[in-house]
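Below: one structure, written as structure tokens.
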Amino acid sequence: IGVDRDPAAEERFATLAAEVSCHMRFIRADFVTALAELEAERLLADIIYLDLGMSSMQVDTWTRGFSYSYDAPLDMRMDPDQELTAEEIVNTWDERRLARLLREYGEERYANQISRAIGRERRNRPFVSTQQLVETIKSAVPIPAQFAGGHPSKRTFQALRIAVNDELGQLEEALPAAWDRLAVGGRLAAISFHSLEDRMVKRFLADRARGCICPPELPICVCGREPEGELLTRRAVAPTPGEVAANPRSRSAHLRAARKLEVSPS
């Protein structure tokens, strides 16, 4: 079963399904909606794999507006049928809200300067293109910082994309829903490409693997809590140098996984 909210992914899935012998099915929806559908069907899975963030297909389709390397409409929607776009956020959110977005979702140290620059620019003309936004960001970031830590627009574009697609909200709801859809012995894995996602996955899996939560001063366990899962990755699995050389976009990938355990009935 493949799940994606992008219709372009559905087209590629159809090509793959035609080449394999097993039965395959595509659900065009976000993680949360798809998992709710599978719950209604009472389906249990042996493996659930969450591939987070945007895909190379989306980045390379310049008209989607995900990349700061091409001049394109300020879109960034994974589902082209949804209403909210990056253009709406950039043009309508007040400067304080924008700054908070850039700090929280982009971990951007120059969030205040960038949000003020956006405010000044849009008072003259509305934002309609990615390059217009890139130039505005560059004007707000100190010149030395533009040559350190990658492209100066990277964190702003990440923050906008996350907000447009509610990626962290989706992940927060999808992790427990996915765990519930696992059969005993089944495995949940997630691959993330920035620290915000990775921290959420790490904490969720660690919590499933935690047993007793009694205060340390108690001589015996009284909570009776048993681990629901077993961590399969004590540390995030990172790509090898060879994998990065073959696919530079894998550089920031972190994979974490856990196996679901049988818990004694209370």
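The values are calculated or read from the model by the stated rules, or taken from the named source; none is laboratory data. Remember, it's a predicted structure, so these values are computed and weren't measured experimentally. Cβ sites come from the backbone with ideal geometry, for glycine too, and all protein chains shown count toward neighbours. The accessibility values were calculated without ligands, DNA or RNA, using every heavy atom of the protein model including side chains. Shrake-Rupley method; radii C 1.70, N 1.55, O 1.52, S 1.80 Å.
Details
- Test result for Ile137, in contact (Cβ under 8 Å) with a residue 60 or more places away in the chain, part of a helix (DSSP H, G or I), over 30 Å from Leu182 (Cβ atoms) and not acidic (Asp, Glu): no
- Residue match in region 216-230 (condition: open to solvent by 70 Å² or more (accessible area, probe 1.4 Å) and closer than 20 Å to Gly53 by Cα): no
- First in region 230-257 and among the hydrophobic types (A, V, I, L, M, F, W, C), second anywhere and assigned to a loop (DSSP other than H, G, I, E, B), Cβ under 6 Å, 6 or more apart: Leu231/Ala209; Val244/Arg251; Ala253/Phe193; Ala253/Pro239; Ala257/Leu232; Ala257/Thr233
- Taken over region 214-262, residues that are in contact with a Pro (Cβ under 8 Å, 6 or more places away or on another chain) and either farther than 27 Å from Ile47 by Cα or of a type outside the set (Gly, Ala, Ser) (or both) amount to 3.
- Checked against (1) open to solvent by less than 30 Å² (accessible area, probe 1.4 Å); (2) not hydroxyl-bearing (Ser, Thr, Tyr); (3) not in a helix (DSSP H, G or I), Gly149 passes all but condition (1).
- Yes/no for Ser129 being open to solvent by less than 80 Å² (accessible area, probe 1.4 Å), in contact with a strand residue (DSSP E or B) (Cβ under 9 Å, 6 or more places away or on another chain) and not β-branched (Val, Ile, Thr): yes
- Qualifying positions in region 1-41 - touching a Phe, Trp or Tyr at 6+ places or on another chain (Cβ under 7 Å) and of a type outside the set (D, E, K, R): Gly2, Val3, Phe13, Phe26
- Residues within region 113-132 that are more than 18 Å from Asp75 (Cα to Cα) and hydroxyl-bearing (Ser, Thr, Tyr), tallied: 1
- Filtered by the rule that a residue be over 28 Å from Arg199 (Cα atoms) and surrounded by 17 or more Cβ atoms within 10 Å (Cβ to Cβ), region 25-69 gives a lone residue, Phe26.
- Some residue of region 191-204 being acidic (Asp, Glu) and touching a residue at least 12 places away in the same chain (Cβ under 8 Å): yes
- Complete set of residues in region 1-24 that are open to solvent by less than 70 Å² (accessible area, probe 1.4 Å), within 23 Å of Leu171 (Cβ to Cβ) and of a type outside the set (Gly, Ala, Ser): Val3, Asp4, Arg5, Asp6, Pro7, Phe13
- Restricting region 231-258 to residues that are out of contact with any Asp or Glu (no Cβ under 9 Å at 6 or more places or on another chain), hydrophobic (A, V, I, L, M, F, W, C) and under 15 Å from Ala189 (Cα atoms), the residue that is least open to solvent (accessible area, probe 1.4 Å): Ala257
- For region 182-209, filtered to residues that are of a type in the set (Lys, Arg) and crowded, with 19+ Cβ neighbours inside 10 Å, the residue that is nearest to Asp79 (Cα to Cα) is Lys202.
- Of everything in region 92-116 that is surrounded by 15 or more Cβ atoms within 10 Å (Cβ to Cβ) and polar (S, T, N, Q), the residue that is nearest to Ala140 (Cα to Cα) is Gln113.
- Residue check, Leu261 modelled with pLDDT of 95 or more, over 22 Å from Asp51 (Cβ atoms) and surrounded by 12 or more Cβ atoms within 10 Å (Cβ to Cβ): yes
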